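We did not get these values from a lab; they are worked out from the coordinates using the rules stated. These figures come from a predicted structure and were not determined experimentally. Here the Cβ positions follow ideal geometry from the backbone for every residue, glycine too, while neighbour counts run over all protein chains shown.
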Amino acid sequence: MKVSTENGFTEETLDPADWKMFRALGHQMLDSIFDYIENIRNQRTLPLTPTVTNEICCPLSEEGEGEEKVFEIYQRSILPYTLAIASPKLWGAVVGQGSPFGVLAEMLRAGINGAQEFSFAEAKVNLQVIEWIKELLGFPKEAGGVLTCGGSEANFTGLAVARNAKAAVQVKEDGVQGLAQKMVLYCGDETHRCLERSVELLGLGNKALRSISTDANCKIRIDLLEDAIKKDRQDGYHPFCIIGCAGTTNTGSFDNLNELADLAETEDMWFHIDGAFGAWVKISHTHQHLVNGMERADSLAVDFHKWMNMPYNVGCTLVKDRRAHFSTFAYGHEAEYIKSAFELSEDQLSNPHNLALPLSRNFSSLKVYMLLRAYGKNKYRRLIQQNLDQIQYLAELIKADTELELTASVESNVVCFRFRPQGLSEVETEIINKKIMDDINKNSFWMISDTTVKGKYMLRACNVNHRTKREDLDFLVNHVKRLGHKNLN
Ligand SMILES: Cc1ncc(COP(=O)(O)O)c(C=O)c1O
């Protein structure tokens, strides 16, 4: 640390006293992360030991231990014990693997530190990123958008705009306390639970989120949705928003977005889509039909850190009515008069400080910008397509194997399946698959996940992994069978 005693004062800074040594440390740190990623195929997460835990969890020193020492601790006692998220054999939850250039872009972002994305070069980068996202996803040009820390915040942001735009009162002033009629909204029973969290935080209460049954393919039942809206109107509620799902987390299924858009139009309701990972099928060759109608949404939530494999955390909310978006988040009372009359400048309408919860922001558009620009549309198209093709391959392996069964339709990048040799009852099948999952979680956490769909327990592989090769999927099938047989005996 640099300490200067010029003019008789002792003044300190966090800048290094010796930049040459500090640069050397920086190069070592970069080498460490590149060594890790380059060898990711062979990385194993080591089990935490008491010694390691003690080295991590210790009293904070008064004087600090120095950058070199802390880096040594990271190398010795943190990195080897972290989950190898970047592994080619990781298909649990919906987890992006990141990329080496993503690491570098993230580093540059931190170097600039913070962002004034409403002016200077940052604003141009941010605006360009929003334009590229709209273009990639086929979302209308007139829409605006804001980068978020991920899918949950992206959904929250879209639903906040929906609530304020459709409320019968000025929610900014009166809150939901001022509502004479309770506002209610609708989603399929397979949608992500972050929607429920959003609705709770928006003060609507989770009872307001009507969970509509899905069909055998996990798509929302439009007939039941129509009935529910009708009944709610009769009962004095205010149905204000339909949420469509472009890619359910459990099975990767897609609601019929055009039918939902038609209904929202007829009912004068807001149409929001959670496309956290699934929206990206839009850039595939084979599956883009699944998101027909996505362009009709009033708001759309997407992630970059999942299927686009950008460094955590970054997502995006696109909103067609830019004024409604601005009015929801802009500070203070000015938003109320701006809503009706004031001519908003382009800058104000696209200034992220006016479009989401955080005021201070990091320059997250930089990494999205650099990655999109470095690899272009075609690389991302090919990667998304590769994952979809690989999942078809995995589904074929499972279908061809008499000891395995597919347990849900394979619509996009998710396969649900079970180990089920002949003669095993439903109860026995569940028990043995739970044991398989336990073994996997103990030794290779999140290689796959488990889930329960329509009351049936199953294993689940979700492929957003740009490092996966078909041989990894061969391994998965053999591994599950090996563990299945081990647990049969
Ligand atoms: C469909 C869907 N929506 C929303 C989310 C939440 O996104 P995030 O984890 O980026 O907050 C997820 C996470 O897996 C998801 O699969």
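So that you can scan it fast, the table gives a plain yes or no per residue for (1) surrounded by fewer than 19 Cβ atoms within 10 Å (Cβ to Cβ); (2) away from the ligand (no atom under 16 Å from the Cβ):
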site: Ala121; (1), (2): yes, yes
site: Lys124; (1), (2): yes, yes
site: Gly138; (1), (2): yes, yes
site: Phe156; (1), (2): no, no
site: Lys166; (1), (2): no, yes
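In the condition set (1) in contact with a strand residue (DSSP E or B) (Cβ under 8 Å, 6 or more places away or on another chain); (2) without any contact (Cβ under 8 Å) to a residue 60 or more places away in the chain, Leu137 is compliant with all but (2). In region 186-210, the residue that is surrounded by the fewest Cβ atoms within 10 Å (Cβ to Cβ) out of those that are in a strand (DSSP E or B) and more than 15 Å from the ligand (Cβ to nearest atom) is Arg210.
Test Glu173 against the criterion of being within 22 Å of Gly315 (Cα to Cα), part of a helix (DSSP H, G or I) and of a type in the set (Asp, Glu), and give yes or no. Outline the logic, then answer.
Numbers: within 22 Å of Gly315 (Cα to Cα): no; part of a helix (DSSP H, G or I): yes; of a type in the set (Asp, Glu): yes.
Taking the combined requirement at face value, the residue does not satisfy it.
Of all residue pairs spaced 6 or more apart or on separate chains, those with beta-carbon atoms under 7 Å, a first member in region 221-245 that is part of a loop (DSSP other than H, G, I, E, B) and a second member that is of a type in the set (S, T, N, Q) and crowded, with 17+ Cβ neighbours inside 10 Å are Arg221/Thr214.
Quick check: is even one residue across region 161-173 basic (Lys, Arg) and closer than 24 Å to Asp255 by Cβ? Yes, region 161-173 contains at least one residue that is basic (Lys, Arg) and closer than 24 Å to Asp255 by Cβ.
Within region 258-275, being out of contact with any Cys (no Cβ under 9 Å at 6 or more places or on another chain) and crowded, with 21+ Cβ neighbours inside 10 Å holds for Leu260, Ala261.
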